[in-house]
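Input: a single structure, listed below in structure tokens.
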Amino acid sequence: MPTRVNYKLYRGTSDRNLSVTLVYTYDIDGDFKTITRNQQYNSYSILPSFGINISRGYDKDRVYISSNQYYAFASLLEKTVKMVSEHLYEIFPNVGRVEFDIDTKTLERYQTEKAMACDGITMSPAVFVDDTNQCFPGITINTVKTGSLCMPLQDAITISKLLNGLNPHMISLSLLSMFGNKPE
């Protein structure tokens, strides 16, 4: 049975329910073994056994980003954050005021014409509504396979910086050394 490590990377500041977790799976028996040995060449192969789970809580909206999608996702989030930030007052004319107005036509245009997509993931500007029904500028992430999520722009900015500075392969190697088992 695989061993799973959940390493909490971030807890939301604008959305306290939001969390980003690095999920590492150490599997020595399954179809996707983390590490395998080639007896003939006396070599080892390591499978990247990590993913990123972004969630708003148990049984709530979430997306899962596999190791294959990680760098495309991080780049796409960075580009989307930049685009929304540059056009913030065009999309959300009264951002920061008590009356949160949205230019719905501009928002729809950005959601349809300027949405960014890569590797089965689409991101676009959105309105994030918190648990108290307050509205904030946000970003929606839709994936073909693993769900969708809307997060506040403020958290998306921080998560983008976090993911672009993170090296999940080095964390995975550290965790692998922690388990310390080599296949025979």
Q: Go through region 133-157 and give me each residue that's in a loop (DSSP other than H, G, I, E, B) and either in contact with a helix residue (DSSP H, G or I) (Cβ under 8 Å, 6 or more places away or on another chain) or not β-branched (Val, Ile, Thr) (or both).
A: ASN133, GLN134, LYS145, GLY147
**Q.** Candidates TYR64, TYR44 - the one that is assigned to a strand (DSSP E or B) and farther than 28 Å from ASP131 by Cα
**A.** TYR44
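Against the definition (open to solvent by 60 Å² or more (accessible area, probe 1.4 Å), free of Cβ contacts under 8 Å to residues at least 24 places away in the same chain and over 18 Å from SER160 (Cα atoms)), how does GLU108 come out, yes or no?
Considered against the rule, which asks whether it is open to solvent by 60 Å² or more (accessible area, probe 1.4 Å), free of Cβ contacts under 8 Å to residues at least 24 places away in the same chain and over 18 Å from SER160 (Cα atoms), GLU108 comes out as yes.
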Q.
Can you pull out every residue in region 47-61 that is outside any loop (DSSP other than H, G, I, E, B) and either on the phi > 0 side of the Ramachandran plot or without any contact (Cβ under 8 Å) to a residue 12 or more places away in the chain (or both)?
A. none
Q. Within region 47-94, can you find the residues that are over 9 Å from the mean Cα position of the chain (by Cα) and of a type in the set (A, V, I, L, M)?
A. LEU47, ALA72, LEU76, VAL81, MET83, VAL84, LEU88, ILE91
(Q) Name the residue that is surrounded by the fewest Cβ atoms within 10 Å (Cβ to Cβ), counting only residues in region 22-73 that are in contact with a helix residue (DSSP H, G or I) (Cβ under 9 Å, 6 or more places away or on another chain) and more than 24 Å from THR122 (Cα to Cα). (A) ILE46
Q. If a residue has to be open to solvent by 50 Å² or more (accessible area, probe 1.4 Å) and either over 17 Å from VAL23 (Cα atoms) or touching a strand residue (DSSP E or B) at 6+ places or on another chain (Cβ under 6 Å) (or both) to count, how many in region 166-176 make the cut?
A. 0
(Q) If I filter region 1-20 down to residues being within 22 Å of SER172 (Cβ to Cβ) and part of a loop (DSSP other than H, G, I, E, B), which single residue comes out as least open to solvent (accessible area, probe 1.4 Å)? (A) PRO2
Q. All but one of (1) part of a helix (DSSP H, G or I); (2) more than 23 Å from LEU18 (Cα to Cα) hold for VAL84; which doesn't?
A. (2)
Q) Any idea which residue in region 74-98 is most open to solvent (accessible area, probe 1.4 Å), counting only those that are of a type in the set (Gly, Ala, Ser) and closer than 21 Å to SER148 by Cβ? A) SER75
Q) Which ones in region 145-163 are open to solvent by 70 Å² or more (accessible area, probe 1.4 Å) and modelled with pLDDT under 95? A) LYS145
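Do we find a residue being over 21 Å from SER49 (Cα atoms) and under 22 Å from the mean Cα position of the chain (by Cα) anywhere in region 173-183?
There is no residue in region 173-183 that is over 21 Å from SER49 (Cα atoms) and under 22 Å from the mean Cα position of the chain (by Cα).
The values are calculated or read from the model by the stated rules, or taken from the named source; none is laboratory data. In this text the structure is predicted, and so the values were computed from the model without any measurement. Glycine also receives a Cβ, built like all others from the backbone with ideal geometry; neighbour counts cover every protein chain displayed. Calculation scope for accessible area: heavy atoms of the full protein, side chains included, ligands and nucleic acids excluded. Shrake-Rupley method; radii C 1.70, N 1.55, O 1.52, S 1.80 Å.
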